[in-house]
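Structure, as structure tokens:
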Amino acid sequence: MKLKSLLAMTLFFLTSNAMANVDACVEDKVNAYRAEVGQEAVVRYDMLEEWEGECNGGVADACLDKKIDAYRDEVGPDAIVRHDMIEEWEGECNDGGADACLDKKIEAYRDEVGQDAVVRYDMIEEWEGECAG
């Protein structure tokens, strides 16, 4: 039982650390963009999504590989990894819950003020905090 807890804690730390690195990378891209076009420049949601993809660069795949390896270390190297297990782990690695939450907040905002409304970076940061907490 202690081995399971240790593996779970290790996976959580690795996943959290990887996501923090992605956030730092996106923050660097935002700062570079604003340094180029002005500090008050609006950072559009589509720009953030593009930069997140660039910064993610395989983090989710590495996370999934670590989960599969941990499972096989626990059960055995020839253990079959079921499709439902992979889907669950991919969801954890991709942080789909926070993304879905953020998408709902953006959709609600645009429903209120108009579909072409600009979603500012500071708004996204606030909503990400709400979705994470």
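The values are calculated or read from the model by the stated rules, or taken from the named source; none is laboratory data. Every value quoted in this text rests on a predicted model; they were computed, and no experiment measured them. Don't worry about glycine lacking a Cβ; one is built from the backbone with ideal geometry, like all the others, and counts go over all protein chains shown.
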For this session: Give 28, 99 a once-over and let me know the one that is modelled with pLDDT of 75 or more, in a helix (DSSP H, G or I) and surrounded by 12 or more Cβ atoms within 10 Å (Cβ to Cβ).
Result: 28
Seminar exercise, completed: Selection from the stretch 77-91 of residues surrounded by 12 or more Cβ atoms within 10 Å (Cβ to Cβ) and charged (D, E, K, R) yields 88, 90
Exercise. What is the number of the single condition among (1) within 16 Å of the chain's Cα centre (by Cα); (2) at pLDDT 80 or above that residue 39 does not meet?
Worked result: (1)
Exercise. Among all residue pairs at least 6 apart or on different chains, which show Cβ distances below 7 Å where the first residue, located in the stretch 104-117, is at negative phi and the second is in a helix (DSSP H, G or I) and charged (D, E, K, R)?
Worked result: 117/110
Exercise. Mind checking whether some residue in the stretch 36-50 is crowded, with 17+ Cβ neighbours inside 10 Å and either touching a His at 6+ places or on another chain (Cβ under 7 Å) or hydroxyl-bearing (Ser, Thr, Tyr) (or both)?
Worked result: yes
Problem set entry | Meets criteria (hydrophobic (A, V, I, L, M, F, W, C) and either loosely packed, with under 14 Cβ neighbours inside 10 Å or modelled with pLDDT of 80 or more (or both)) for residue 59 | no
Exercise. Can you name every residue in the stretch 102-120 that is of a type in the set (Gly, Ala, Ser) and either farther than 14 Å from residue 45 by Cα or at pLDDT below 85 (or both)?
Worked result: 108, 114
